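Student: Once you've had a glance at the structure underneath, I'll fire off some questions.
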Amino acid sequence: MNVDRPSWFKIALKVRGSVIPSILPRILLCGGLGIFISLLHFFQLPVSLPFLSSIVPSLVLGLMLVFRTNTAYDRFWEGRKMWGTLVNNVRNLARQMWVAIEEKDPQDSAIKKSALRLLPAFAVALKLHLRQESVNPELEPLMSPSQYQKLKSMNNPPIEIAFWIEDYLHEQYERNCIDVYQLTGMKELINSMIDVLGGCERILKTPIPLAYAIHLKQLLLVYCLALPFQMVKDLTWGTGPVVALISFTLFGIEEIGIEIENPFGHDTNDLPLDNICAAMQRNIDDLITLSPSVHEQVKDQ
């Protein structure tokens, strides 16, 4: 058992990271309506309308909520798989570049290290691109000043960085520092990194259809506002709390779908892209402390 794992009750009672702050106004509205209907029923006004339970069948609403949540989670999980693929591609490409590219001149090592740092720069630029943020100083230590300034004017910075990496590889091929098979293998990894970029953009730019989102919200609202009229005869003064509890359940499920459908933001429930990018930078820093290539080992023998 993991001793660092939080207790069940600590997680259950946690507000930060939950959807409670977002849905609280709606819960209070429905609960307040329930109390108001209870008051009218207390004064014997004809507010008990049990036939309203047939307006929005609970089964239909439940199926729509399940579909909404599953669709949002599929987007979240696909985004996580995309970034997992990117991590693997960066590690594999960095390893191949560090080991396979021969260093013929004294300055080749520094140039190779600069090219390797462009790999985590790609990830950071992708993160900023998905968050629709401009190029910021987070990228500055990962590239030359001229590259950093040029990147600020680019509409799609990750593509520009991928171009720089591929340009470096072609230059090494022309200098006979790698052969055509090594070049082809490295270019396939770069192509896979571009595929990750395209996949993440597809998730970002393909929201849940507006008509579906509107209709679901309308059904939720009608269902929750009709609950007090259905329950007041049996629950009387308990109508408000029960309606608030049901509203908390339904609005919470819908809000979870909204929270996770775009997994690239800064929210607690989004993917930890900052940590993933930092891990990639640490991997590159660790790699360049190792023996740079098999060619040096051959020379030493």
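Student: What single numbered condition from (1) more than 23 Å from the chain's Cα centre (by Cα); (2) open to solvent by 30 Å² or more (accessible area, probe 1.4 Å); (3) free of Cβ contacts under 8 Å to residues at least 24 places away in the same chain fails to hold for Leu225?
Tutor: (3)
Student: Can you pull out the residues in segment 103-138 that are open to solvent by 60 Å² or more (accessible area, probe 1.4 Å) and of a type in the set (S, T, N, Q)?
Tutor: Gln107, Ser114, Gln132, Ser134
Student: Output the residues belonging to segment 22-60 that are assigned to a helix (DSSP H, G or I), under 27 Å from Gln218 (Cα atoms), modelled with pLDDT of 90 or more and open to solvent by 80 Å² or more (accessible area, probe 1.4 Å).
Tutor: To start, the set of residues in segment 22-60 that are assigned to a helix (DSSP H, G or I) comprises 22-42, 50-54, 58-60.
So of that shortlist, the ones also under 27 Å from Gln218 (Cα atoms) come out as 22-41, 50-54, 58-60.
Within this subset, residues satisfying the condition of being modelled with pLDDT of 90 or more are 22-41.
Across segment 22-60, the qualifying residues are Pro25, Leu28, Leu29, Ile35, Phe36.
Student: Can you report the number of residues in segment 185-214 which are modelled with pLDDT under 95, in a helix (DSSP H, G or I) and open to solvent by 80 Å² or more (accessible area, probe 1.4 Å)?
Tutor: Total satisfying the criteria: 1.
Student: Return the only residue of Val15, Val56 being closer than 23 Å to Ile258 by Cβ and touching a residue at least 12 places away in the same chain (Cβ under 8 Å). Outline the logic, then answer.
Tutor: Details: Val15 fails: touching a residue at least 12 places away in the same chain (Cβ under 8 Å).
Unique residue meeting the criteria: Val56.
Student: Taking segment 1-43, which residues are closer than 13 Å to Phe248 by Cβ and among the hydroxyl-bearing types (Ser, Thr, Tyr)?
Tutor: Passing the criteria: Ser18, Ser22.
Student: Assigned to a helix (DSSP H, G or I), in contact with a Phe, Trp or Tyr (Cβ under 6 Å, 6 or more places away or on another chain), of a type in the set (A, V, I, L, M, F, W, C) and open to solvent by less than 90 Å² (accessible area, probe 1.4 Å), is that true of Ile165?
Tutor: No, not satisfied.
Student: Do we find that Leu63 is under 29 Å from Ile214 (Cα atoms) and not basic (Lys, Arg) in this structure?
Tutor: So Leu63 passes the test.
Student: Here's a follow-up. Taking Glu160 as the residue in question, decide whether it is of a type outside the set (Phe, Trp, Tyr), surrounded by 12 or more Cβ atoms within 10 Å (Cβ to Cβ) and not in a helix (DSSP H, G or I).
Tutor: no
The values are calculated or read from the model by the stated rules, or taken from the named source; none is laboratory data. Nothing here was measured: the structure is a model prediction, and the numbers come from that model. In this analysis, Cβ positions are derived from the backbone assuming ideal geometry, glycine residues included, and neighbour counts consider all displayed protein chains. Quick note on the areas: whole protein, heavy atoms, side chains included, nothing else; ligands and nucleic acids left out. Shrake-Rupley method; radii C 1.70, N 1.55, O 1.52, S 1.80 Å.
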